[in-house]
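J.: Shown below is the structure under consideration.
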There are 2 protein chains.
Amino acid sequence: MASSNKNILLDEQLCFALYTANKRFNHFYAEALAPFKLTYPQYITLLALWENSPMTVRELGSHVNLDSGTLTPLLKRMQTQGWVERKRDAADERQVNISLSQKAIDAKPTIFSHVNECMSLLGMDEQTYNATRETVKFAAERIKNADPKKVDYQGPKL
Amino acid sequence: MASSNKNILLDEQLCFALYTANKRFNHFYAEALAPFKLTYPQYITLLALWENSPMTVRELGSHVNLDSGTLTPLLKRMQTQGWVERKRDAADERQVNISLSQKAIDAKPTIFSHVNECMSLLGMDEQTYNATRETVKFAAERIKNADPKKVDYQGPKL
DNA sequence: TTCTAGTATATTGTACGCAATTAATTAGTT
DNA sequence: AACTAATTAATTGCGTACAATATACTAGAA
C-alpha cells in the first residue's frame, strides 16, 4: 500500500483549526461565565443536568463525554460551590446520583440570558451558526469512526 | 437591552460540537502518533518547527498558540525524548532557541507518510476537508473578536 | 553609568482529560 | 450460601492549558 508523500502544513490542518477554535471558545466562555465562577466543563455539566436531573455519574458522563476520572473531582468542586448534590444510591450503592441544587435551578434563567447575550456578540445569524455546528458534527462523526490502529506502522522504531 | 430567553440545549451548541470534535481528534492522533511516542501538542510543535527551525519559545508559541507556561515543560519533555534542542541565545540571553534534532529531521518523512495514511481513514475528500477547515476557521475568527466583558452582568451575585 | 522600563522565559497554582488501576457492590452460576 | 464475573466510582499518574507571578536580562533615559 503506497502512502501519501503529501506535505503537512500546520495552518492547513483541520485538527489544528478545531484545536484553535476550541481554545478560543474556552476563553470566550471563561469570560462569559466568570460572574458565576463556572468553568466551561462545569457549564456543560449544568446544561446536561438542566435537561435531566438527577443522573448517575455514568449517565452524566455519557452526555458530556467525560469519564469518572474527570467527573469525580469536577463534581466535588461543583458541590463545594453549591451547584450540585452527590448522593450514593440507596438501592444500588455502586452508583452516585448527581442532582441540581436549588441554587442551580434558580440561576438557570439568569445564566441563560447572560450567555445568550454574550453569544450575540459572535454576530452569527442562526442559519450560519446551525450550518457550522452541523459541519463540525459531521467531521466529528467521521473522526469517531476512524481507527489508526488499523494502519500498522512498519517503519523504524524511533 | 432585552436579553434572549431562548433555551440552551447541549446538543445544539456549537461550542460543544467543537469541544467534542477536538477531543475525538485528540484521541485519533494519540493513536496515530503512538508509534513515535508523541502527543498531539508535541506533534503540532514539530509541524511548526519543520516549517521553520530554529525559533525562540515566543515565536514558536505564536505559531501554536501556547505560552511559556505550557511550552517550557512540553519542550523539556521533547528534549528528553530527543526531538528538539534548547539553547540560550548567546546574543540575547533572555531568549531560548528551539531547534529540531537530527532525529526529528530524519523522522519527518516517516511520520508524514504514517499520519497521511491514518488521515485517509477519515474518508473525507480534499474538497470536503478544506471546506470544513475553512468553516471552522471562520467560526474561530468570529469567536476571537467577541469579548464577553462588553456585556456587563447586572444580575444577582451567585 | 545607574536607574527604570520593557522583554523573554520559567515557575506556581488550579483545573481539566484520560488511561490504567483499585475498591466496593451487585448479579449470576453452581 | 459461596464463588465468580461484571459494573460503578474513585484514585493515581501524566500531560496539557493558562492566569499570575517571579526571575533574568536588555535597552533606554537621565
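The numbers here are math on the coordinates, done by the rules we state, and not lab data. As the structure is a computational prediction, the values presented were derived from the model and not from experiment. All Cβ positions, even for glycine, are placed from backbone atoms using ideal geometry, and neighbour counts span all protein chains on display.
J.: Ranking B:50, A:83 by Cβ neighbours within 10 Å, fewest first, what do you get?
T.: Values: B:50 19, A:83 23.
With the fewest neighbours first, B:50, A:83 line up as B:50, A:83.
J.: How tilted is helix B:102-120 with respect to the longest principal axis of chain B? Cα atoms for both, answer in degrees (0 to 90, nearest 10).
T.: With both axes taken from Cα atoms, the answer is about 40 degrees.
J.: Rounded to the nearest 20 Debye, what is the dipole magnitude of the stretch A:38-139 about its Cα centre when Lys and Arg each give +1 and Asp and Glu each give -1 at the C-beta? Walk me through the numbers before you get to the answer.
T.: Values: 11 positive and 12 negative charges, 82 e Å.
For this selection, approximately 400 debye.
J.: Another question, if that's okay. For chain A, find the longest principal axis of its Cα atoms and tell me its angle to the long axis of helix A:68-80, 0 to 90°, nearest 10.
T.: Relative to chain A, helix A:68-80 is tipped by roughly 30 degrees.
J.: Here is a follow-up. Considering the dipole of the stretch A:38-139 built from charges on the beta carbon (Lys and Arg +1, Asp and Glu -1) around the Cα centre, which of A:138, A:62, A:74 is farthest to its positive end?
T.: The Cα lying farthest towards the positive end belongs to A:74.
J.: Here is a further query. Taking H as built 1.01 Å from N, whose amide H comes closer than 5 Å to the amide H of residue B:84, not counting residues under 5 places away?
T.: B:79, B:101
J.: Which residue fluctuates the most in chain A, going by a Gaussian network model with Cα springs under 10 Å, if the choices are A:47, A:75, A:121?
T.: A:121
J.: Taking neighbour counts of Cβ atoms within 10 Å as a proxy for exposure, in what order, fewest first, do B:119, B:55 appear? Mind dumping the intermediate values first?
T.: Details: B:119 23, B:55 20.
Lowest to highest Cβ neighbour count: B:55, B:119.
J.: Please tell me which of these pairs span more than 23 angstrom C-alpha to C-alpha: A:103/B:23; A:37/B:149; A:150/B:23; A:37/B:150; A:144/B:6; A:103/A:137? Mind dumping the intermediate values first?
T.: Working: A:103/B:23 30 Å; A:37/B:149 14 Å; A:150/B:23 20 Å; A:37/B:150 18 Å; A:144/B:6 31 Å; A:103/A:137 32 Å.
With Cα atoms farther than 23 Å apart: A:103/B:23; A:144/B:6; A:103/A:137.
J.: Given the Cα-Cα distance of residue A:125 and residue A:106 and 0.36 nm per residue of separation, how much length would full extension add, in nm?
T.: Working: separation 19, 0.36 × 19 = 6.84 nm, distance 2.92 nm.
Between residue A:125 and residue A:106, full extension yields 3.9 nm more.
J.: Over chain A, with a Gaussian network built from C-alpha contacts below 10 Å, which listed residue (A:98, A:143, A:111) shows the highest mean-square fluctuation?
T.: Among A:98, A:143, A:111, the largest mean-square fluctuation in the Gaussian network model of chain A belongs to A:143.
J.: What is the set of long-range amide H partners of residue A:56 at a cut-off below 5 Å, with H atoms built 1.01 Å from backbone N?
T.: Under 5 Å from the amide H of residue A:56: A:98.
J.: Contact order normalised by length for the stretch A:38-139, with contacts defined as Cα pairs under 8 Å and 6 or more residues apart; what percent is it? Intermediate values should be presented prior to the final figure.
T.: On the way: 80 pairs, mean separation 23.5, N = 102.
Relative contact order comes out at 23 percent.
J.: Give a residue-ordered list of calculated ³J(HN,Hα) values for the stretch A:49-58 (Karplus: 6.51 cos²θ - 1.76 cosθ + 1.60, θ = phi - 60°; whole Hz; x for Gly, Pro).
T.: Values, residue by residue: 6, 5, 7, 7, 9, x, 9, 6, 4, 5 Hz.
J.: Defining the label point at 7 Å along Cα→Cβ, can you sort the distances from residue B:7 to the same site in each other copy, shortest first, in nm?
T.: In nanometres, ordered from closest: 5.1.
J.: Oh, and also: Exposure proxy check: B:70, A:135, B:80 ranked by fewest other beta carbons within 10 Å? Mind dumping the intermediate values first?
T.: Details: B:70 13, A:135 21, B:80 9.
Arranged by neighbour count, lowest to highest, B:70, A:135, B:80 become B:80, B:70, A:135.
J.: Determine ³J(HN,Hα), in whole Hz, for all residues of the stretch A:14-25 in sequence, where each value follows from phi through the Karplus function 6.51 cos²θ - 1.76 cosθ + 1.60 and θ = phi - 60°; x replaces Gly and Pro.
T.: Running phi through 6.51 cos²θ - 1.76 cosθ + 1.60 with θ = phi - 60° gives 4, 4, 6, 5, 5, 4, 5, 4, 5, 5, 5, 5 Hz.
J.: Comparing B:24, B:77, B:94, which has the greatest mean-square fluctuation in the GNM of chain B with Cα pairs linked when under 10 Å apart?
T.: With Cα springs under 10 Å in chain B, the top fluctuation among B:24, B:77, B:94 is at B:94.
J.: From the square roots a ≥ b ≥ c of the eigenvalues of the alpha-carbon gyration tensor of chain B, which class results: rounded (a/c under 1.5), prolate (a/b over b/c), or oblate?
T.: Values: a/c = 2.57, a/b = 1.45, b/c = 1.77.
It comes out oblate by the Cα gyration axes.
J.: In sequence order, what are the phi-derived ³J(HN,Hα) couplings for the stretch A:28-45 according to the Karplus relation 6.51 cos²θ - 1.76 cosθ + 1.60 with θ = phi - 60°, rounded to whole Hz, with x for glycine and proline?
T.: The phi angles translate into 4, 6, 4, 6, 5, 9, 3, x, 9, 6, 10, 8, 4, x, 5, 5, 5, 5 Hz.
J.: What angle do you read, to the nearest 10 degrees and between 0 and 90, between the alpha-carbon axis of helix A:126-144 and the longest principal axis of chain A?
T.: Helix A:126-144 sits at roughly 60 degrees to that axis.
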